[in-house]
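**Student:** Supplied in structure tokens, the structure appears directly below.
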Amino acid sequence: MTSKGSEDEHPSVTLFRRYLRIRTVQPKPDYGAAVAFLEERAHQLGLSCQKVEVAPGYVVTVLTWPGTNPSLSSILLNSHTDVVPVFEEHWSHDPFEAFKDSEGYIYGRGTQDMKCVSMQYLEAVRRLKVEGHSFPRTIHMTFVPDEEIGGHHGMELFVERPEFRALRAGFALDEGLANPTDAFTVFYSERSVWWVRVTSTGRPGHGSRFIEDTAAEKLHKVVSSILAFREKERQRLQSNPHLKEGAVTSVNLTKLEGGVAYNVVPASMSAAFDFRVAPDVDLKAFEEQLHAWCQAAGEGVTLEFAQKWMKPRVTPIDDSNPWWSAFSRVFKDMNLTLEAEIFPATTDSRYLRAVGIPALGFSPMNCTPVLLHDHDERLHEAVFLRGIDIYTQLLPALASVPALPSDS
Ligand SMILES: CSCC[C@H](NC=O)C(=O)O
Ligand SMILES: [Zn+2]
Ligand SMILES: [Zn+2]
């Protein structure tokens, strides 16, 4: 049993565990320490390192391995540096110690989401460089802040910057999810996040009376309509084995607010919903449906958006897309099974796809339960190391895709 790394530990695993110990945990991530760590890696690997401060205190770090043909567009390997908070009392080990048990499981916040991927990119590049390879296309590794709370101080701003355009990204890889089976999952689109607050107003009065037109009754109607829709989508998913989670629209009631006392009927109450809208849904019609449910509940029921993504995009997964052909060919050649899905939640890939860059979400973790944002998030060191092998095959294939019409 070891918790700190031992003589015979693979150096890539030791590096991964060092990165896990940096507390880039929301809501107060230590971004400075992460950037310093990445600068050190750039130095070690002989890569240039650019720091782009997209908002005060929010730095995007870009490590670049130049290709031999600068006229070609580049490959962007993206990962976020922040991680979500923990409920420490529910963890078997300190989530920021990077404890490794006797079987080789590494426990820690970010082991799956997504410090593993950041280190796998770096270690694959290191290995390829050491072996003396070079490829036509430039490879940029971007390490972005703020993803876990929406990327509004990260990728959303970065894609608008001249420094981003100067990267000339032709294709991007970003995060995916673990797969508990022997197969790997790749994500070619994602659902649109809509956070909706419904506010209902009505007549107040004494809690002992049958007051007409109360805020609570009307809010109840809206909640019922939305939860009935939820059930319909749930059934649709459950009854069709070909449908995966990302292909239907989900919604959860996540907050109920209002009221001041047991015996005072409040004049206002609200409910908050987290919608994830499937990419084939007509968003205009869906918004009209939401308004219709509010209207049907009565007077004085309104809705507002805290998040409203309106640019769903799908990266083609057929041979019309040369990036897909190169990506999927590697899995065929390695005899690995790949399952293509729509990402059920939200990642920074949406910003990349929205500015026209084809992007695939991929975190090389098979035979691994999905534990992102969960207690005891962990990854087996062998799965982590296998991921480096996979990128060591993927990067040459992607960075050698011949010139495309979009390159000129
Ligand atoms: C509105 S942005 C929220 C982003 C977050 N991403 C990862 O978990 C998510 O809830 O999907
Ligand atoms: Zn993530
Ligand atoms: Zn996350």
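The values are calculated or read from the model by the stated rules, or taken from the named source; none is laboratory data. All values derive from a computational prediction rather than experimental measurement. All Cβ positions, glycine included, derive from the backbone under ideal geometry; neighbour counts span all protein chains shown. When the accessible area is computed, the model is the full protein with side chains, heavy atoms only, and any ligands, DNA or RNA have been set aside. Shrake-Rupley method; radii C 1.70, N 1.55, O 1.52, S 1.80 Å.
**Student:** Compute, for the stretch 1-111, the length of the dipole vector about the Cα centre, with Cβ point charges of +1 (Lys, Arg) and -1 (Asp, Glu) only. Units Debye, rounded to 20.
**Tutor:** With Lys and Arg at +1 and Asp and Glu at -1, about 340 debye.
**Student:** When the helix-only estimate is applied to the chain (DSSP H runs of n ≥ 4, each -39,500 (n - 2.57), divided by the residue count), what is the mean residue ellipticity at 222 nm, nearest 500 deg cm²/dmol?
**Tutor:** Numbers: 10 runs with 127 residues, N = 408.
That comes out to -10000 deg cm²/dmol.
**Student:** Same structure again: Determine the dipole magnitude for the chain: charges of +1 sit on the beta-carbon of Lys and Arg, -1 on that of Asp and Glu, nothing else is charged, the reference point is the Cα centre, and the result goes in debye to the nearest 20.
**Tutor:** Charge dipole, the chain, about its Cα centre: 640 debye, nearest 20.
**Student:** Along the positive direction of the dipole of the stretch 227-332 (beta-carbon charges: Lys, Arg +1; Asp, Glu -1; about the Cα centre), which of G246, M269, L256 reaches farthest?
**Tutor:** Sorting the options by dipole projection puts first G246.
**Student:** Tell me the relative contact order for the stretch 192-308 as a rounded percent, counting alpha carbon contacts under 8 Å between residues six or more apart.
**Tutor:** 45
**Student:** Leaving out same-chain residues fewer than 8 places away, which lysines sit with a Cα under 20 Å from that of K115?
**Tutor:** K4, K28, K51, K100
**Student:** For S71 and A296, what is the calculated FRET efficiency with R₀ set at 60 Å and r taken between the beta-carbons, to the nearest 0.05?
**Tutor:** With a Förster radius of 60 Å, E is 0.55.
**Student:** At a 1.4 Å probe radius, carbon and sulfur cover how many percent of the accessible area of the stretch 192-308?
**Tutor:** Roughly 53 percent of what the probe reaches on the stretch 192-308 is carbon or sulfur.
**Student:** Ok, one more. Normalised by the empirical 2.2 N^0.38 Å for globular proteins, what value does the Cα Rg of the stretch 174-221 take?
**Tutor:** On the way: Rg = 22.6 Å, N = 48, 2.2 N^0.38 = 9.6 Å.
For the stretch 174-221, the normalised Cα radius of gyration comes out at 2.36.
**Student:** K284: which aspartates and glutamates have alpha carbons under 20 Å from its alpha carbon, excluding same-chain residues fewer than 8 sequence positions away?
**Tutor:** Cα-Cα hits under 20 Å: E190, E233, D274, E304.
**Student:** Give me the percent of Cα-Cα pairs in the stretch 250-295 that sit more than 12 Å apart, rounded to a whole number.
**Tutor:** Percent of Cα pairs beyond 12 Å in the stretch 250-295: 73.
**Student:** Next question, about the same structure. In Å, the Kirkwood hydrodynamic radius of the stretch 140-205 over pairs of distinct alpha carbons?
**Tutor:** Averaging 1/r across every pair of different Cα atoms and inverting gives 16.0 Å.
**Student:** Counting only C-alpha contacts under 8 Å and six or more residues apart, can you give the relative contact order of the chain as a whole percent?
**Tutor:** On the way: 843 pairs, mean separation 100.0, N = 408.
That works out to 25 percent.
**Student:** Can you give me the Rg/Rh ratio for the stretch 192-308, using Cα atoms for both radii and the Kirkwood formula for Rh?
**Tutor:** Using Cα coordinates only, the ratio equals 1.05.
**Student:** Also, quick follow-up: Taking the square root of 5 times each eigenvalue of the Cα gyration tensor, what semi-axes in Å does the equivalent ellipsoid of the chain have, largest first?
**Tutor:** After diagonalising the Cα gyration tensor, the semi-axes are 42, 25, 20 Å.
**Student:** Beyond 14 Å, what percent of the Cα pairs of the stretch 257-321 remain?
**Tutor:** Looking at the stretch 257-321, the distances longer than 14 Å represent 71 percent of pairs.
**Student:** Continuing with the same structure: In 10 Å bins starting at 0, how do the alpha-carbon pair distances of the stretch 85-220 split up by percent?
**Tutor:** 8, 22, 27, 18, 12, 9, 4, 1, 0
**Student:** Want the number for L256 to A55: 0.36 nm per residue separation, take away the alpha-carbon distance, what's left?
**Tutor:** Going from the current span to full extension adds 69.1 nm.
**Student:** Based solely on C-alpha atoms, express the radius of gyration and the Dmax of the stretch 93-142 in angstrom.
**Tutor:** Gyration radius and largest Cα-Cα distance of the stretch 93-142: 14.7, 44 Å.
**Student:** Name the lysines eligible as straight-distance cross-link partners of K255: C-alpha to C-alpha under 20 Å, and not fewer than 8 places from it in the same chain.
**Tutor:** K218, K221, K308
**Student:** For a protection proxy built on the mean count of beta-carbon atoms within 10 angstrom, sort 152-165, 111-124, 381-394 highest first, please.
**Tutor:** 111-124, 381-394, 152-165
**Student:** For the stretch 166-269, with every protein chain kept in place, what is the accessible area per residue (1.4 Å probe, Å²)?
**Tutor:** That works out to 54 Å² for each residue.
**Student:** While we're looking at this one, here's another question. Which stretch or stretches of the stretch 296-326 have amide N atoms under 11 Å from the point lying 7 Å from L283's Cα along the Cα→Cβ direction?
**Tutor:** From the stretch 296-326, the list is 308-313.
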